[in-house]
Amino acid sequence: MTEYVLASEASAHTRSHAIKLHGPDGFEGMRRAGRLAAEVLDALVPHVVPGVTTGELDDMVREHMLRGGGIPATLGYRGFTHSCCISLNHVVCHGIPGDRALKDGDIANIDVTVIVDGWHGDTSRMFLVGDVGIKSKRLVDVTYECLMLGIEQAKPGNTMGDVAHAIQSYAEKHRYGVVRDFCGHGLGQLFHDAPEVVHAGRPGTGPELKPGMFFTIEPMINIGKPGVKMLDDGWTAVTRDRTLSAQFEHSIGITEDGCEIFTKSLKGLDRPPY
Ligand code: MF3
Ligand code: CO
Ligand code: CO
């Protein structure tokens, strides 16, 4: 059985199997963290062009977060030493920024998580580098639509399975594969908390959604099969069949009648073309 606990009565910095239900101060904290995370991605738009290295983009992410009064949550997280993840082309997630320069035709996921006053804003978007082919663009569009269809199901009374099913059925209608090896997650004063947010599943299954739950939805969608392989660096996950992969992520909070998206772009830059 799923257990729920009022966040005010739980230990804020301990992960447990119970799902925290947050109050108004939690929503206020997540709004501020989510807003800064979205602004960081907004600020990258003019810089994600052929020739820039992923390491340079990582520096911009860190500087923008610090200037905005936040701290990069990934810096030092389980040994990760960068301020964001940048996942190119067949990289599914957790790509490590470095010397690689972006090339015309690349697709890039940039995933940022910032801590503001103890609250986590976690969001990612796809960027199209220069002239991108129609197949890549279509994958990016469908992946964004998968995220938003999942978010549409995020309301009290529905279950995690309803969210998952909306994502999976839309992706598979386009003959794409939904990654199973990585999930969304609860978050708040912790980066990764209960529950696990799967992106493939059956309607009516899994934990019921209740007001005050905070979690991410972050589907990874492959042109080919769902399988992934880890590279030797211990972080980078790539598609097993080397097909392209895309991902978008928002942090949301369940309200009385639906959900609030904490990481929406105030500039309307949630999806390409930017
Ligand atoms: N931001 C990622 C997520 O959506 C987690 C990255 S952890 C890192 O959960 F260590 F790889 F950066
Ligand atoms: Co996340
Ligand atoms: Co993320």
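The values are calculated or read from the model by the stated rules, or taken from the named source; none is laboratory data. Worth saying up front: this structure is predicted, and the values here are computed from it rather than measured. As a convention, Cβ positions derive from the backbone with ideal geometry for all residues, glycine included, and neighbour counts pool all protein chains shown. We work out accessible area using only protein heavy atoms, side chains counted, and drop any ligands, DNA or RNA first. Shrake-Rupley method; radii C 1.70, N 1.55, O 1.52, S 1.80 Å.
How much of the accessible area of segment 201-274, probe 1.4 Å, is carbon plus sulfur, in whole percent? All intermediate terms of the calculation are to be shown ahead of the outcome.
Numbers: 1720 of 3280 Å².
Carbon and sulfur atoms account for 52 percent of the accessible area of segment 201-274.
Show the residues, 5+ positions off or on another chain, whose built amide H is closer than 5 Å to the amide H of Met220.
Excluding prolines and chain starts, which carry no amide H, the hits are Val179.
So, in Å, what gap is there between the alpha-carbon centers of segment 227-259 and segment 134-182?
11 Å
In segment 145-179, whose amide N lies under 19 Å from the spot 7 Å out along Cα-to-Cβ of Glu208? List them in ranges.
So the set is 153-165.
In terms of modelled amide H atoms, which long-range or inter-chain residues lie less than 5 Å from the amide H of Val228?
Residues meeting the criterion, in which the H sits 1.01 Å from N, are Arg240.
Give the percent of DSSP beta bridges with both residues in the chain that are antiparallel, rounded to the nearest 5. Working shown, then result.
Numbers: 41 of 44 bridges.
Expressed as a percentage, antiparallel bridges in the chain total about 95.
Relative to the Cα centre, what is the charge dipole magnitude of the chain, using +1 at the beta carbon of each Lys and Arg, -1 at the beta carbon of each Asp and Glu, and rounding to the nearest 20 debye? The partial results should precede the final answer.
Values: 27 positive and 35 negative charges, 131 e Å.
Dipole of the chain, to the nearest 20 debye: 620 debye.
Distances over 26 Å make up what percent of all Cα-Cα pairs in segment 1-124?
30 percent
What accessible area per residue comes out for segment 172-249, rounded to a whole number of Å², with a 1.4 Å probe?
Values: 3250 Å² over 78 residues.
Result: 42 Å² of accessible area for each residue.
What is the ratio of the Cα radius of gyration of segment 80-171 to 2.2 N^0.38 Å, with N the residue count, to two decimals? Walk me through the numbers before you get to the answer.
Values: Rg = 15.5 Å, N = 92, 2.2 N^0.38 = 12.3 Å.
Rg over 2.2 N^0.38 Å, computed on Cα atoms: 1.27.
Show me 218-226, 49-57, 171-179 ranked by packing, highest mean number of other Cβ atoms within 10 Å first.
So the peptides 218-226, 49-57, 171-179, ranked by packing, come out 218-226, 171-179, 49-57.
Quick query: amide H of Lys20 versus all other amide H atoms, modeled in the peptide plane; which residues come in under 5 Å with a sequence gap of 5 or more or a different chain?
Counting only residues 5 or more places away or on other chains, the set is Val5.
Let me spell out the model: positive unit charges on the Cβ of Lys and Arg, negative unit charges on the Cβ of Asp and Glu, origin at the Cα centre of segment 144-244. What dipole size does that give, in debye rounded to 20? Don't skip to the answer; put the middle values down first.
On the way: 10 positive and 12 negative charges, 67 e Å.
That gives a dipole near 320 debye.
What fraction of the Cα pairs in segment 131-274, stated in percent, has a spacing above 18 angstrom?
Working: 5774 of 10296 pairs.
Result for the distance tail: 56 percent.
Would you mind working out the accessible area per residue for segment 6-155, using a 1.4 Å probe, and quoting it in Å²? List each step's numbers first, then the result.
Values: 6300 Å² over 150 residues.
On a per-residue basis, segment 6-155 sits at 42 Å².
Which FRET efficiency value, to the nearest 0.05, is calculated for Leu6 and Thr81 with the Förster distance at 45 angstrom and r the Cβ-Cβ distance?
Numbers: r = 36 Å, r/R0 = 0.80.
Approximately 0.80, to the nearest 0.05.
Over 10 Å intervals from 0, what percent of Cα-Cα pairs in the chain sits in each interval?
P(r) for the chain, in whole percents per bin: 7, 32, 38, 20, 3, 0.
So, in nm, how far is label His13 from label Asp233 when the simple model puts each one 7 Å beyond its Cα toward the Cβ?
According to this spin-label approximation, the distance is 2.9 nm.
Using a 10 Å cut-off on Cβ atoms, rank the peptides 33-41, 251-259, 90-98 from the highest mean neighbour count down.
Values: 33-41: 25.1, 251-259: 18.3, 90-98: 21.3.
My ranking of the peptides, most packed first, is 33-41, 90-98, 251-259.
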